[in-house]
Structures are given as C-alpha cells and as structure tokens.
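The values are calculated or read from the model by the stated rules, or taken from the named source; none is laboratory data. What you see is a predicted model, and the numbers here were worked out from it, not measured in a lab. Cβ: placed from backbone, ideal geometry, glycine included. Neighbour counts: every protein chain shown. Side chains are part of the model used for accessible areas, which takes the heavy atoms of the whole protein and leaves out ligands, DNA and RNA. Shrake-Rupley method; radii C 1.70, N 1.55, O 1.52, S 1.80 Å.
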Amino acid sequence: MAGAVLTAAAAVPAHADTLRDALEAAYRGNPTLEAARAQQRATDENVPLQKAAGRPSVTTNSQYIEFVKSSSTSLIAPKRNVVANLDLAVPIYSGGAVRNGIKAAETRVQAGRADLRGTESSVFSQVVAAYMDVIRAEALVALSANQVKVLGVNVQSTSDRFEIGDLTRTDVAQSQARLATAQSDLESAQSNLIAARENYIAIVGLAPDNLQAPPPLPGLPDSLEDAVSTALVENPDLIAARERAKAAGYDIDVAGAARLPTVSLFTGGTYNNYLGSLESGAVATSYPQTSTAVQAGVQLSLPLYQGGRPAAQERQAQARSSAALEQQIGAERSLIAQVRSAYASWKASQAIIESSQQAIDAASLSLEGVQAENTVGNRTILDILNAEQELVQARAQLVTARRNAYVAGFSLLAAMGRAEARDLGLGDDGPLYDPAVYYDRVQGKWNDWAHDPDPQTQSTRTVDIPAPGAEIPPSAESVTETPGN
C-alpha cells in the first residue's frame, strides 16, 4: 500500500516539506478538486429531482374579485368575492418514466463519483510532477552553480599559467568561453526553478520549502499485463464511462414512456366567500354568503397522437446510448494506451538511471585521467573542459531520469486506479471527503423549504504567497544523491 510508505515516519530537517505534505495540502485546498466535489453534489440532486416526479403534489391558489359592473341579466349580483382552492394529486402510474428516471439519476451519481476519483488522481499526479520538477530544477541549479564555480577556478588557473608562458591565449579564451556558457546555463536553470516553484504553488497552494526526497512507490505492477488487467477493473475514468452508458440505457425507457398512459388520484376543495355582498333583486330573498365544495377522483390520461414526438425522443435517446457505448470503448482504448505508455516510460527511465550512473562513474574517471595527463602535456585545456562538460551532462541526465521514473511510476499507479487519498493513506489533517455523506442526506428529502447555507470558497488562495526566488536548499547541493524511484 502506498499509504504505508507515505505515512511512515521519517527524519527530515526542520521547516522541510515532504511529498505527503504536498498531497495533503492539495487534497484540502486545490480548486480543481473542490470544484469537482461541488459538481458531484449537484449531480446527487438529480436523484431527489427525479423522485419528486413520483411524489404527491399539493397546490393552492386564491383570488379576490371586485365586480365593478355585473351582468344585466344576472339575478344574483355579488359585489366582491374571495375564492380559495386546494388540490392534491398523487401519481399512480407513469409508464415507467419516473422509475427509470430515478435509475438513470442514481447510475449517473455512480459515474460522477468515479469522475471525482479520476479528478483526485489527476490532481495528485500534477502534485507529484510539480514536486519532482522543483527537486529536479533545484538539482540542476546546483549543478550549474557548481560548474560556474569550477570553471571560474579553471579560468583563473589558466590565466596564471598563461602569465608564466605555460599555456597560450587560445587556452585562456576557451576557458573563458566555457565559463560564459556555464553562467548563461545557470541563469536559464534559475529561471526554470522559479517557474517550477510557481507551478507548485498554483497546484499545491503552498510555497515549496526544502522539499525532501519522496518515498519509494509501492504497489507497482510486476508486468505490463498485470498493470493493464488492474486498470481495466479499477480505473475511475473507465468506470465512469461504463456507468454513463448504463444510465443512457435507462433514458431510452424514459423516452418510450411518453406514449404510455398515466394514472393519478386527485382531490380538491373550493371555498367561496362573497363577503356579505351577495344580493338579489327579489324582495325578502337572501342567499348564503359562503360555499364550499370537495371533489375526488381518478384521472387516466392516454396519449393517442403527439405528432411523432415520443418516437423522436426515443430514437434520440437510442443514439445517445449508442454514443455512450462507443465512448466506453474509446475510454478503454485510451486507458490501455495510457497504461502501456506509462509502463514503458517507467521502465525506460529506470534503464536510463542505471546507464546515467555508469556514465557518471566513467566520466569522473575520465576527468581525473585527463587532468593527470594534462600535467605532463599529453592533454590540452580543451580536453579538460570537454571532460568536465561530459560529467555535468551525465549528472543532469541522472537527475532528469530519476524525476521521470518517479512521475511515470505514479502516473502508472493513477491509471491503475491506485493513486487516490485512500490509497496514499492521507487523512491526518481530518477525515477524507466522502461523497456518499451528502448523497445520503439529500436523496430522500421531501421538504420544499429545506435550505443549505450559501456556499463559501474552500480552496486556498495564493495571492499572499511571496514570489519565489532561485535560491536552493542545502539538500540540493548533493545532486548525485537525488532520490531514485
């Protein structure tokens, strides 16, 4: 379990961030993730909306009427009237529209939850990439700064030897050119570091502070076949596509119900009050000033012809269902390609790590040999500069390979459906978000006047975080000890 590793206690320097800290911060305050949770709550509300269509409805209306001029043929001439009506309707049968509408809504809730899982994995993948980008950028700045320092000493040494006639002006110019190039590379590396830190702030919501080596990634597959088979069962995007295709099937039945009869019970009452204004032209004749009436019955509605509308709606639902089924296959194809690509990238990065380490060892020996041979006149200053450059390039390649291996490994876990908060053992800062809690609270609501508090922003703002610089922590200076996969 990844959680076992990410939760494991590790001795880290004071004021240092770990990958777990970054994941926790993003889980609690990333706006993309918070928006996805809110969208899922909106999806949950489709269930009570569908259920409401099958529940009783009660309506009332009232009127106050002033009869400004009564009909000349009327024998009874009220001057004013108050009327109140109360009606109750109870649907009994709707051709299956309500039942299938509820099933479709519930199925889409499951699809939405899978989408939320996918968003969570995607955000975590971005966090891991941003975290490793900062570590890589810091290491490359450290390499570049060290190279500037080494070449500065080299230029000084070359100049001293030129003064005593041991070297030529060409040797000095070559050293100065390499130093200028290294200084340019350092400026570029520092700019990339600032960009990486800004991206980290945008995703995590906090400034990176002496990021520590991430823990090894557990749960990685033993083979490509294991990775693909696991992903086909647990990948949230594929699960969401399957649930949406299932919900589209219910939509066909909902559309077809429009041509079937509906049955409902109804009852209602009416109250009239003429407010003492009901008069008659006949002498000594009086009428009641109030009246009431109550009625009840059964209503059967059988559509005979609707201009072809039900058939068109059913065909439309069938076409959308066909599209959902094809999208499911498309999601499956994309997933298989994603898993295979991530697996290949992970394996290739591991191989590059091994070859880069061998290249560093060889380049170090080569540099030592060239420097020794230069002292006896068998090698030129350019040979030394080239050997130093090869060593720097090998170290930079190792740093990048280790970053790529970790990111590819985590991407592989995400594609397999194993890179969510529950898998990573998060939750020290509070309980994990459970979409079922909101659903269980609202899916059986009957009250028309139920009201939740107005929404407030949950994600973390970064406007008050100072712009990051290009300074590097002490841990970045040992670039050959950058964490592996």
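Legend: translational diffusion of region 169-217 by Stokes-Einstein, Rh = Kirkwood radius over C-alpha pairs, 4 °C, 1.567 mPa s; D = 95 µm²/s. Normalised size of region 148-262, defined as Cα radius of gyration per 2.2 N^0.38 Å with N residues, equals 2.37. Projected label points at Ala195 and Leu302, each 7 Å from Cα along the beta carbon direction, are separated by 7.3 nanometres.
Can you tell me the convex hull volume per residue for region 339-485, based on C-alpha atoms, in Å³ to the nearest whole number?
Details: hull volume 29.0 nm³, N = 147.
Considering the Cα atoms of region 339-485, their hull volume per residue is 197 Å³.
To the nearest 10, the accessible area of Glu314 is 50 Å² with a 1.4 Å probe. Here the chain is treated with +1 on each Lys and Arg Cβ and -1 on each Asp and Glu Cβ, and its dipole about the Cα centre works out to around 2760 debye.
Which number do you get for Rg(Cα) / (2.2 N^0.38 Å) in region 109-168?
Numbers: Rg = 25.2 Å, N = 60, 2.2 N^0.38 = 10.4 Å.
Compactness ratio reported: 2.42.
Relative to the dominant Cα principal axis of the chain, helix 19-29 is inclined by about 30°. Here is the size of region 221-341 from its Cα atoms: Rg then Dmax, 30.7, 105 Å.
Given the options Pro453, Pro303, Ala363, identify the residue whose Cα lies farthest towards the positive end of the charge dipole of the chain (+1 on Cβ of Lys, Arg; -1 on Cβ of Asp, Glu). Highest projection toward the positive end goes to Pro303. The calculated 222 nm mean residue ellipticity attributable to helices in the chain amounts to -21000 deg cm²/dmol, summing -39500 (n - 2.57) over DSSP H runs of n ≥ 4 and dividing by all residues. Protection proxy ranking for 445-457, 110-122, using the average of other Cβ atoms within 10 Å per residue and placing the highest first: 110-122, 445-457. What the Cα convex hull of region 49-208 gives, in volume per residue, is 293 Å³. Excluding same-chain neighbours fewer than eight residues apart, the aspartates and glutamates reachable from Lys79 by a Cα-Cα span under 14 Å are Glu66, Glu279.
How big is D, in µm² s⁻¹, for region 37-117 by Stokes-Einstein at 20 °C and 1.002 mPa s if Rh is the Kirkwood radius over C-alpha pairs? List each step's numbers first, then the result.
On the way: Rh = 16.9 Å.
Diffusion coefficient, whole number: 127 µm²/s.
Taking all C-alpha pairs of region 293-342, those more than 16 Å from each other amount to 68 percent.
Debye calculation, C-alpha points only, no solvent: report log10 I(q)/I(0) for region 325-365 at q = 0.20 Å⁻¹, in the same order as the q values. So the normalised log intensities are -0.66. Between helix 309-375 and the chain there is an angle of about 10 degrees, using the helix long axis and the longest principal axis of the Cα atoms.
Against the 2.2 N^0.38 Å scaling, with N counting residues, where does the chain land? I'd like the Cα-based Rg ratio to two decimal places. Display every interim value, and only then the final one.
Working: Rg = 37.2 Å, N = 485, 2.2 N^0.38 = 23.1 Å.
Computed over Cα atoms of the chain, the ratio equals 1.61.
In this view, the solvent-accessible surface of Glu243, computed with a 1.4 Å probe and all protein chains in place, comes to about 50 Å².
Of the residues Ile252, Val399, Leu116, the one whose Cα sits farthest towards the positive end of the charge dipole of the chain is Ile252 (charges of +1 on Lys and Arg Cβ, -1 on Asp and Glu Cβ, taken about the Cα centre).
Using 0.36 nm per residue and subtracting the Cα-Cα separation, the extra length available between Lys347 and Ser62 on full extension is 95.0 nm.
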